[in-house]
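All of the numbers you see were taken from the coordinates with simple rules; none came from a lab. Here the structure is a predicted model, which is why all the values come from computation and not from measurement. Counting neighbours? That spans all protein chains shown, and the Cβs are built from the backbone with ideal geometry, glycine included.
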Amino acid sequence: MMTNRVDFFKALGEETRLRMLEIIAEEELCNCQIMERLNISQSLVSHHIRILKQAGIIDERRNGKWTYYTINIENTEEYLVSLCTKLINKEIKEQIKQHDSYECEQWQQNQPKDPKLEF
């Protein structure tokens, strides 16, 4: 499930959720493992899991009465690669713009002065 970018990045904007993602990125975990590793309550884990699932950042897999969570690589990668690409392209365009501006200044400084145009 793909969500909008705002929901995706809002979900990443909270420290507990980021800590959850860091440990889930290492391995598939269930609620009780997340509770134990982060020392937080079951209700808090459920709250943050719901937000991360709605944002398309994590997937769940049920095994009997247990639910295990993993990073949804496809959605996460799509948003992050898209953002990084745009940032890199913007930086490249800015560098080109600065280079072009510099080149233009250099060209103007090297042009012979036309005495007829001087006032």
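Annotations for the structure displayed:
- Count - residues of region 26-66 that are loosely packed, with under 13 Cβ neighbours inside 10 Å and in contact with a strand residue (DSSP E or B) (Cβ under 7 Å, 6 or more places away or on another chain): 2
- Matching residues, region 46-70, being more than 14 Å from residue 22 (Cα to Cα) and of a type in the set (A, V, I, L, M, F, W, C): 51, 55, 66
- Annotation for region 17-40: at least one member residue is in a loop (DSSP other than H, G, I, E, B) and among the charged types (D, E, K, R).
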